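The values are calculated or read from the model by the stated rules, or taken from the named source; none is laboratory data. Keep in mind the model is a prediction, meaning the values are calculated, not measured. Here the Cβ is made from the backbone with ideal geometry for all residues, glycine too, and neighbour counts use every protein chain on show.
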Amino acid sequence: MVATRLTDGIQKLVYPDDKQEKTWLIKAIHEVLAADKSRVIAAPDGVEWFLNAYNPPLRLLIVGAVHIAQPVVKVAELDAYDVVVIDPRMAFASPERFPGTTLRTDWPDEAMAELKPDSRTAVITLTHDPKLDDPALIAALNSPAFYIGALGSKKTHAARLERLKAAGFDDQALTRIHGPIGLSIGAKSPAEIAISIMAQITEVLRT
């Protein structure tokens with residue numbers, strides 16, 4: 001974060017975890033980064049500072065190159081996400097089905113280990129196949145990803161949670177998974193489901 005004192009133009013680089021910096025400035029920096037928008041703030045002495053946010057790009061990791069993933073990619077890219085589709089089934093994860101999209105055809109746990117989800121990353125699983133979804137969810141739960149979502153019915157999600165409990169995750173950790181995925185807007189078509197998913201991701205990011 002670059003902080004500029006507006007009275008004289010003096011600038012300084014400030015990190016959100018800088019324990020040597022003033023408390024009010026660190027608090028303001030966290031607020032600006034969370035809002036993802038630069039702004040002017042007033043110090044306790046009344047002097048105004050401009051905080052210029054330099055957040056890394058938002059990322060969306062999609063496990064499952066299924067039909068619903070296609071409109072999700074389009075909506076996410078419109079919202080300036082860097083999108084990666086992960087699916088070892090090359091008949092699904094093909095450039096013809098996902099033109100211009102970054103594709104990974106290694107297994108989800110291997111892909112996630114290289115992609116390293118961070119606090120600017122959302123992870124969604126869409127395959128309904130535990131062999132593909134579960135390793136990705138385990139990797140996401142062990143990361144600071146800001147959003148984790150999994151497609152499936154309530155019954156499917158309950159079974160998923162039982163498997164993840166057996167893998168060592170407690171109830172508190174599992175509350176991070178949004179399942180069934182997406183806001184409840186009565187979505188039926190793949191496009192509507194994509195909108196509900198991206199709306200929920202946005203809600204979690206901004207609140």
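Scanning segment 39-57 for residues that are in contact with a strand residue (DSSP E or B) (Cβ under 7 Å, 6 or more places away or on another chain) and at pLDDT 90 or above turns up ARG39, VAL40, ILE41, ALA42, ALA43, VAL47, GLU48, TRP49, PHE50, LEU51.
Within segment 188-195, is even one residue under 12 Å from ASP134 (Cβ atoms), at pLDDT 95 or above and outside the structural domain of LEU33 (by TED's automatic domain parsing)? The answer is no, given that none of the residues of segment 188-195 is under 12 Å from ASP134 (Cβ atoms), at pLDDT 95 or above and outside the structural domain of LEU33 (by TED's automatic domain parsing).
Looking at ALA76, ALA43, ALA3, ALA28, can you tell me which residue is within 30 Å of THR125 (Cα to Cα) and either in contact (Cβ under 8 Å) with a residue 60 or more places away in the chain or small (Gly, Ala, Ser) (or both)?
Answer to the selection: ALA76.
Matching residues to (1) surrounded by fewer than 17 Cβ atoms within 10 Å (Cβ to Cβ); (2) within 24 Å of PRO190 (Cα to Cα); (3) at pLDDT 95 or above:
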| residue | (1), (2), (3) |
| --- | --- |
| ASP79 | yes, yes, no |
| VAL85 | no, yes, yes |
| ALA93 | no, yes, yes |
| LEU141 | no, no, yes |
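Taken over segment 32-66, the residue count meeting the criterion of being surrounded by 13 or more Cβ atoms within 10 Å (Cβ to Cβ) and part of a helix (DSSP H, G or I) is 3.
Here is a check on your reading of the model: is TYR54 among the aromatic types (Phe, Trp, Tyr) and closer than 23 Å to GLU203 by Cα? Show your work before the answer.
Working: among the aromatic types (Phe, Trp, Tyr): yes; closer than 23 Å to GLU203 by Cα: yes.
So TYR54 passes the test.
Please report, ordered by residue number, the strands (runs of 3 or more DSSP E) entirely within segment 67-183 with at least 3 residues that are touching a Leu at 6+ places or on another chain (Cβ under 8 Å).
On the way: elements: 82-86, 102-104, 121-125, 147-150.
Ranges flagged: 82-86, 121-125, 147-150.
Looking at SER196, SER189, which one is surrounded by 14 or more Cβ atoms within 10 Å (Cβ to Cβ) and either touching a Cys at 6+ places or on another chain (Cβ under 6 Å) or among the polar types (S, T, N, Q) (or both)?
Values: SER189 fails: surrounded by 14 or more Cβ atoms within 10 Å (Cβ to Cβ).
Going through SER196, SER189 in turn, just one is surrounded by 14 or more Cβ atoms within 10 Å (Cβ to Cβ) and either touching a Cys at 6+ places or on another chain (Cβ under 6 Å) or among the polar types (S, T, N, Q) (or both): SER196.
Considering GLY179, GLY100, GLY149, the condition of being free of Cβ contacts under 8 Å to residues at least 12 places away in the same chain and touching a helix residue (DSSP H, G or I) at 6+ places or on another chain (Cβ under 9 Å) is satisfied by GLY100 alone.
Scanning segment 165-204 for residues that are within 16 Å of ALA69 (Cβ to Cβ) and of a type in the set (A, V, I, L, M, F, W, C) gives ILE181, ALA187, ALA191, ILE193, ALA194, ILE195, ILE197, MET198, ILE201.
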